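Asker: Okay, here's the structure, questions in a sec.
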Amino acid sequence: MHIKHSDNQISLVQFKREVFSNITSMKIRVFKQAVSKRDYTFAEFVTLTHSEFTKYFNLFYSSSKKSIPASIEKLLTNPLSLAVVYG
């Protein structure tokens, strides 16, 4: 899984890095990237491949476009999970 956010959201990247610390050894990388001829700063890290991600990929990408599954309320039972999804 590739986690990438604006550097304005570095605390969210750090939180996600801690959550996935058991399946990544990559430190958070902060870098500049040109988007539409303007430079932006991002923070990112990548996890190892894990079979659990396939289940969630299939839920959110049942067709060629990302969509919210009808069972989303069963996935987001904790207020923290809702905050991370919309964070």
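Asker: Would you work out which of Val13, Val46, Val35 lies farthest towards the positive end of the dipole of segment 1-49, given +1 charges on the beta-carbon of Lys and Arg and -1 on that of Asp and Glu, about the Cα centre?
Answerer: It is Val35, whose Cα lies furthest towards the positive end.
Asker: Scan the chain and note any complete DSSP helix (H) whose C-alpha atoms cover at least 30 Å along its axis and whose Kyte-Doolittle average is 0.5 or more.
Answerer: In the chain, no H run is both long and hydrophobic enough.
Asker: Run lengths n ≥ 4 of DSSP H only: what is the helix-derived mean residue ellipticity at 222 nm for the chain, with -39500 (n - 2.57) per run over all residues, to the nearest 500?
Answerer: -10000 deg cm²/dmol
Asker: Taking the simple approach of a point 7 Å from Cα along Cα-to-Cβ for both Ser64 and Asp39, what is their distance in nm?
Answerer: The answer from the label model is 3.7 nm.
Asker: Excluding same-chain pairs closer than 8 in sequence, count the lysine pairs in the chain whose Cα atoms lie under 22 Å apart.
Answerer: The number of close lysine pairs in the chain is 17.
Asker: If you work out percent of Cα pairs over 14 Å apart from the coordinates, which of [x] 72; [y] 79; [z] 67 do you get?
Answerer: [x]
Asker: Got a sec? Which residues in segment 47-87 would a label at Ser11 touch, if it sits 7 Å along Cα→Cβ and we count backbone N under 14 Å?
Answerer: Answer for segment 47-87: 84, 87.
Asker: Still on this model: In sequence order, what are the phi-derived ³J(HN,Hα) couplings for segment 20-29 according to the Karplus relation 6.51 cos²θ - 1.76 cosθ + 1.60 with θ = phi - 60°, rounded to whole Hz, with x for glycine and proline?
Answerer: With coefficients 6.51, -1.76 and 1.60, one gets 9, 4, 6, 10, 8, 10, 6, 6, 5, 10 Hz.
The numbers here are math on the coordinates, done by the rules we state, and not lab data. Bear in mind the structure is a predicted one, so any value in this text is a computation, not a measurement. Every residue, glycine as well, gets a Cβ built from its backbone with ideal geometry; the counts of neighbours run over all protein chains shown.
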